[in-house]
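Worksheet for the structure shown next.
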Amino acid sequence: MVSMEKVREYVANNEDQFLEKLFVLLRQKSISTQNIGIAETSEMLKEIMEAIGIKTQLIPTDGYPVVYGEIINDPHAFTLLIYGHYDVQPPDPVEKWDSPPFEPTIRDGRIFCRGAGDNKGQLMAQLLAIETYQNVVGKLPINVKFVFEGEEENGSPHLASFVEKHKELLKADLVYTSDGPMHDSGAPFVLLGVRGMLYVELNAKGAHWDNHSGNKGNIVPNPAWELIDLLKTMRDDEGNILIEGFYDDVRKPTEKEIALIKSLPFNREELAEQVGYKDLNMTGEEYYKKLTLEPTFNIAGFTSGYGGEGTKTIIPATATVKMDMRLVVDQDPEDIFKKFKRHVKKHAPSVEVSNLGMMDPSRTAANLPVVETIKGAVEKAYQQPPIMQPSMGGSLPDYVWTKILNTPSVVVPYANFDEANHSPNENIGLKNFFDGIICTCHVINELGKNE
């Protein structure tokens, strides 16, 4: 195998060329929630991939097309499937940006642009790694497939059906995703899963309209109290969820996963400052267990009555609560929703329950040999051991790989921890972008050694 120092030299010598290729893609708007520029971006991405030597096609879905590519040098060799997305969030509020949101601008060692970190910068790092490896080394030692979707920022509504329909085409030995930020310490991450999610809405109704709180006080019911009383039946004072069967399928963590949790860096004071809550008081082991191995039960919003300036004495006619539950492997969001509805029917039968969205959790075993290979590759690329975490706290459609394709999956983010994805002044560090190219080359190289 070739020395990876030559890869580093090649990347260093081609930084300007690589940035210009990235900037072309960044300037092209691709806002999936508004159907702005999606078709143009998918065609542009196809052309970029074909120029690198990747056999590429646009595969239609019931939504926006998937850009699929492959380099198959040996049908019997190890096959890596790289996943990413070419759509971005809307730039609003535009006035909060320090430079135009779709004009990549370099300041303070960072590229500022919508999509710079999420996910065009990380996606292009993968593709430029293929170009780099082929130009420095030659033929790839493994097969590589690419799935770049255009609906991730819209909840990936058609990714599962796409994977189900194209199982044979997508067959691989490992799925590799670079999305999201690195650890807040700046260290590289290897994430082995994601939490799933169930998002629900509760609606309670009283009278047909708001009433005077004096003239009709004690007479007309207040739906806000009905929801408050209902919520109190769902959770005890220690934070334990009281919905019958909620914890039944939570998988017990393995000794390896507990060891990973205990090894993760933790600075309580820094974390308290980052989240804006100075009374944060827990150990590192407690923090990571709660963040990665335990489900949540969160009130995302409570709306009822008058919330404006001054006073308005009313008994509101309606009350609404929005809740999200982050679920862990092996919880099934459909099963949890049924149990949730059953609980509401028992304690507040007049309250309406709506399912606003759900996503399955996913986790890859930490003791797989291929996970060790990825860990070693990332360590060589960044010249420091990566932080291994059983799961991220948030949710991605990782389950389509582990449950539908039955393939192990790892997430190795390349963006800086303060990338401000989804916010004004989204960015990716120049070093993060170039290191991502180098890291992908190391991943390909190390996986090839196992052949």
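Bear in mind that the values in this text are calculations on the coordinates, not laboratory data. The structure presented is a predicted model; accordingly, all values stated were derived computationally and were not measured. Glycine also receives a Cβ, built like all others from the backbone with ideal geometry; neighbour counts cover every protein chain displayed.
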Alpha carbon Rg of the chain, scaled by the compact-globule rule 2.2 N^0.38 Å: 1.07
With Cα atoms, 0 to 90° folded angle of helix 120-136 axis to the chain main axis: 20 degrees
Two-site label geometry, Met234 and Glu372: point separation in nm, points 7 Å out along Cα→Cβ: 4.4 nm
Three-way shape call for segment 359-451 based on the alpha-carbon gyration tensor, with the a/c threshold at 1.5: oblate
Backbone N within segment 166-202 under 14 Å of label point (7 Å from Glu270 Cα along the Cβ vector): 182-189
Cβ crowding within 10 Å averaged over residues, with 168-179, 118-129, 362-373 ranked highest first: 118-129, 168-179, 362-373
Rounded to 10°, Cα long-axis angle of helix 430-449 versus longest principal axis of the chain: 70 degrees
Neighbour-count order for Ser409, Ser213, Ser156, fewest beta carbons within 10 angstrom listed first: Ser213, Ser156, Ser409
Extended-chain gain in nm, criterion 0.36 nm per residue less alpha-carbon gap, Ala51 and Thr303: 85.5 nm
In segment 267-359, chymotrypsin sites (Phe, Trp or Tyr not before Pro) in a DSSP loop with at most 10 other beta-carbon atoms within 10 Å: Tyr277
Residue order, fewest to most surrounding Cβ atoms within 10 angstrom, among Glu50, Glu20, Glu131, Glu419: Glu20, Glu50, Glu131, Glu419
MRE, 222 nm, helices only [DSSP H, n ≥ 4, -39500 (n - 2.57), over the chain, to nearest 500]: -10500 deg cm²/dmol
Tensor-based shape of segment 108-170 (alpha-carbon gyration tensor, a/c under 1.5 rounded, otherwise prolate or oblate): oblate
Potential extension, Thr283-Lys380 segment - 0.36 nm per residue separation minus Cα distance: 31.9 nm
Distance-filtered residues of segment 236-252 - backbone nitrogen under 12 Å, label point 7 angstrom along Lys339 Cα→Cβ: 241-251
Signed unit charges on C-beta, dipole axis of the chain, positive-most listed residue Pro60, Pro390, Ile241: Ile241
Count, lysine Cα pairs under 19 Å in segment 231-328, 8 or more residues apart or across chains: 9
C-alpha center-to-center spacing [segment 186-211, segment 366-394] in angstrom: 30 Å
